[in-house]
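First comes the structure, then the notes that go with it.
The values are calculated or read from the model by the stated rules, or taken from the named source; none is laboratory data. Computed from a predicted model, the values in this text were never measured in an experiment. Backbone-built Cβ (ideal geometry, glycine too); neighbour counts: all protein chains shown.
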Ligand code: DQA
């Protein structure tokens, strides 16, 4: 199996950005955790972060036609980007929506997600651990067992 973990705006600052909400684990730590987990479960992993909506869209287009899946933490684009929603729809690739924080327990403007209607499922509120949880969920989905 192959997986792409895609992180959107401001997630490059993970670890130092509002640590009371997002924790002190950096994105490099998350990538290390995910790479170790990928090796353990036997998947090929790509890991990408961009602050630019178009770059995220291009990455989703590139995932089109591959047999893998995508784990997407779209950051604040989650709540604004119809373009990302359309890209997921057109990519015809399974996407797991991910958030470190529980977006439903936060400000009301974070309650709406344009990603959720086009995602196979959503993991939020478990901090950095959510990334490996999402990998397990996507793995089961790709294997046809979940
Ligand atoms: C986030 C939640 C979003 O509301 C926020 O804009 C982020 C991070 C999360 O991982 O909890 O940038 O996606």
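Side notes on the structure shown:
- Candidates 40, 67, filtered to the one that is on the phi < 0 side of the Ramachandran plot, modelled with pLDDT under 95 and more than 14 Å from the ligand (Cβ to nearest atom): 67
- Qualifying residue in segment 100-113 (condition: within 15 Å of the ligand (Cβ to nearest atom), surrounded by 19 or more Cβ atoms within 10 Å (Cβ to Cβ) and not in a loop (DSSP other than H, G, I, E, B)): yes
- Of the residues examined, residue 89 is one that is part of a helix (DSSP H, G or I), under 18 Å from residue 141 (Cβ atoms), in contact with a helix residue (DSSP H, G or I) (Cβ under 9 Å, 6 or more places away or on another chain) and away from the ligand (no atom under 16 Å from the Cβ).
- Only a single item in (1) on the phi > 0 side of the Ramachandran plot; (2) more than 14 Å from the chain's Cα centre (by Cα); (3) surrounded by 14 or more Cβ atoms within 10 Å (Cβ to Cβ) is not met by residue 81, and it is number (1).
- Selection of segment 54-66 for residues being surrounded by fewer than 18 Cβ atoms within 10 Å (Cβ to Cβ) and either in contact with a strand residue (DSSP E or B) (Cβ under 7 Å, 6 or more places away or on another chain) or under 17 Å from residue 98 (Cα atoms) (or both) yields only 66.
- Where helices (runs of 4 or more DSSP H) fall entirely within segment 5-83, those with at least 3 residues that are farther than 15 Å from residue 130 by Cβ are at 27-41, 53-62.
- Exactly one residue out of 51, 10, 73 is modelled with pLDDT of 95 or more and at positive phi: that is 10.
- Among the residues making up segment 114-146, those that are more than 11 Å from the ligand (Cβ to nearest atom), crowded, with 17+ Cβ neighbours inside 10 Å and in contact (Cβ under 8 Å) with a residue 60 or more places away in the chain are 132, 134, 135, 138, 139, 142.
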